[in-house]
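Down below is the structure, laid out as structure tokens.
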Amino acid sequence: MDVLGVIPARGGSKSIPRKNLAVVAGRSLLAWTVAAAHDSATLTRTVLSTDDDEIARAGLELGLEVPFMRPPELAADDTPIVPVLLHLLRTLADDDQYRSDVVVLLQPTSPLRTAAHIDQAVQRLIDTGADTIVSVVPVPHQFNPASVMQEVDGRLMPFGSGPLVLRRQDKPLLYARNGPAVVAVRAPVLAYHASLYGPDTRPFVMTPEESVDIDFPWELELASWLLERRKYGATASNPRNPQ
């Protein structure tokens, strides 16, 4: 089975300028993701998709393939990731006669994701026969819809219908995509549905500290702290994965 890792890293970023090259714990965000990809036992090829010359050079220095530069029309702030992936797959098929069975999306904004997460997500895709495996994190109980309130005429009221649920144990367990840090999707499903998420999409659960997704400057500091702690074995390193 051919498993293609794709690292998307465009040059523009509003919240953190040059975000994909921002340094946390001594490495750029791009470098952390490249290290996880290179250590993966399941990825058979990993490519960088970028519109930016500096990021392309950084990727090449880290040992990534940069088969072509992403066209500007696929590098805008509001460009969805699916057209980027479909363009990449078409171009690799046309230029290299290359076709993968599985595509694994690895965003540089998830520096706590490891090779173990990648391999376990891909293995879960294979074992379950699912269309897609997506990494998720449990929703903190205080943000559960059963706890969410809204202000109405100056008064706090339950956002949803029914009584307010106060005990954590009584709230349903919900999940949120954590970036996502890893998405493994069968290439035919991606092409046919033009979506990362096929009809049979299943979760790969990661801990909150493994799920840090960089959107704002303070999250760079949090990621640096967690990565430094990881060096000394102070954080959990094994993902939790329901079967």
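The values are calculated or read from the model by the stated rules, or taken from the named source; none is laboratory data. Values in this document were obtained by computation on a predicted structure and should not be read as measured data. Counting neighbours? That spans all protein chains shown, and the Cβs are built from the backbone with ideal geometry, glycine included. Note: areas computed on protein heavy atoms with side chains; ligands, DNA, RNA excluded. Shrake-Rupley method; radii C 1.70, N 1.55, O 1.52, S 1.80 Å.
At-a-glance table
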{"quantity": "Separation between Cα centres of the range 112-127 and the range 23-101, rounded to whole Å", "calculated": "18 Å"}
{"quantity": "Among 76, 35, 22, residue whose mean-square fluctuation peaks in a GNM of the chain (springs only between Cα atoms under 10 Å)", "calculated": "76"}
{"quantity": "Computed over the range 53-171: relative contact order in percent, which uses C-alpha pairs under 8 Å that are six or more apart", "calculated": "10 percent"}
{"quantity": "Accessible area of the chain divided out per residue, in Å², using a probe of 1.4 angstrom", "calculated": "51 Å²"}
{"quantity": "Accessible surface of the range 87-134, 1.4 Å probe, proportion on carbon and sulfur as whole %", "calculated": "41 percent"}
{"quantity": "Percent RCO, i.e. relative contact order, over the chain, from Cα pairs under 8 Å lying at least 6 residues apart", "calculated": "23 percent"}
{"quantity": "Whole-number percent relative contact order across the range 109-243, with pairs defined as alpha carbons under 8 Å at least 6 apart", "calculated": "34 percent"}
{"quantity": "Residue-averaged [θ]222 nm for the chain, counting only DSSP H segments that reach four residues, each worth -39500 (n - 2.57)", "calculated": "-9000 deg cm²/dmol"}
{"quantity": "Gain on full stretching of the segment that runs from residue 128 to residue 231 - 0.36 nm per residue minus C-alpha separation", "calculated": "33.8 nm"}
{"quantity": "Cα→Cβ-extended label distance, 7 Å offset, between residue 98 and residue 86, nm", "calculated": "2.1 nm"}
{"quantity": "Rule-of-thumb Rg ratio for the chain [Cα; 2.2 N^0.38 Å; N residues]", "calculated": "1.08"}
